[in-house]
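K.L.:
Quick one: structure below, then a few questions.
The values are calculated or read from the model by the stated rules, or taken from the named source; none is laboratory data. Everything numeric here is computed off the predicted structure, so don't read it as measured data. In this analysis, Cβ positions are derived from the backbone assuming ideal geometry, glycine residues included, and neighbour counts consider all displayed protein chains. Ligands, DNA and RNA are stripped out before the accessible areas are found, and what is left, the full protein with its side chains, is counted by its heavy atoms. Shrake-Rupley method; radii C 1.70, N 1.55, O 1.52, S 1.80 Å.
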Amino acid sequence: MAAPPSHPFVYIDAEALHAVLPFPSLISHLRAGLPAFSGDIHCPHRVSFPVPTSPSAALLLMPSWCAHPSLPYLALKAVTSFPANSPHRPSIHATVSLFSSASGVPLAFVDGSALTLLRTAAVSALAASLLVSPSRPPSTLALAGAGALAPYLAEAHLSALPSLSRILVWNRTKAKSAALVAKLRDAHPGVAVEEVDGMDEAVSAADIVSCATGSQEPIVRGELLKPGAHLDLVGSFTPAMRECDDEALRRGRVFIDFEAALEEAGELVGALQRGVLRRDDVAGTLAELAAGTVAGRRSDDEITVFKSVGTAVVDLLAAQLAYENYTAAKNA
């Protein structure tokens, strides 16, 4: 079995990650890596430990490893959640430790928060690129939410879908949506970026709707989705969370990132319980889409829905690319 190239242990911080994981490269890597390695990557269930030093604090550990000669890595993602932190200090922090799965030798220590933002946005953009109509290129992207992930979702979609020329931003807190609009305008002067007062307005106008909120009530009404629209649902990761109503799932052809979405995503869990959706109605996973083993969009007017919850599979693939690009640049 081939071992990873011999390199000194490296630390890849957030700034370096952005340099070695540009979206075109990361999206392409996931498109090739998911179908090639998903069956070979082992991801035990994450474990969570309460941390009594702070109210409701927790430590979450997410291991993954692969023995394939082309992906001989082991990764451990550690996430701390400290909800009681002050408003000036993030409540969630993460790191990813990368090892050789052939020898156990530690290879890299990676900023897990930045890695998660980059790979989550790349997954959404990859799904959109595989599901939008090739004969009707999308021009308008609607973003629901203005948190840390929102600018990454915008950047990733613009990278994967250069036909996009307009971004609509909605957020419950107007100050945050205004700040995101200003940031995106500065970064992309050729793109029309607008703040909208209501999510209904954004949904009705958009070719792609991307949601990254913590909402427990639907913010996307399925009846308003345009024929041919693509709905990207990122925010929910527990059965109590929900970003779209049942009508969106009823009208759409549904895809998921991994099987875990059927147990963790509130939109899907609730729809399955209510009989709105059957397991057989889920058309396939992102790996199957990328491999071409399941059909994606079947007509220009079909509505597609992609729900992601994220797993250690994409953490491992993203960490692999970051490590290999970083060490290659150091040795160039």
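K.L.:
Kindly establish whether VAL96 is outside the structural domain of SER236 (by the TED database), touching a strand residue (DSSP E or B) at 6+ places or on another chain (Cβ under 7 Å) and farther than 17 Å from LEU60 by Cα.
P.N.:
Answer is no for this residue.
K.L.:
Hey, which of the strands (runs of 3 or more DSSP E) in segment 92-174, taking only ones fully inside, have at least 1 residues that are open to solvent by 10 Å² or more (accessible area, probe 1.4 Å) and hydrophobic (A, V, I, L, M, F, W, C)?
P.N.:
Correct list: 92-100, 106-111, 166-170.
K.L.:
Now, a different point. Can you pull out the residues in segment 57-70 that are under 18 Å from SER100 (Cβ atoms), assigned to a strand (DSSP E or B) and of a type in the set (A, V, I, L, M, F, W, C)?
P.N.:
Within segment 57-70, TRP65, CYS66 meet the criteria.
K.L.:
Taking the condition of being surrounded by fewer than 16 Cβ atoms within 10 Å (Cβ to Cβ), part of a loop (DSSP other than H, G, I, E, B) and among the polar types (S, T, N, Q), how many residues in segment 3-56 meet it?
P.N.:
4
K.L.:
Additional query: Any chance you could count how many residues in segment 200-214 are open to solvent by 10 Å² or more (accessible area, probe 1.4 Å) and either hydroxyl-bearing (Ser, Thr, Tyr) or part of a helix (DSSP H, G or I) (or both)?
P.N.:
5
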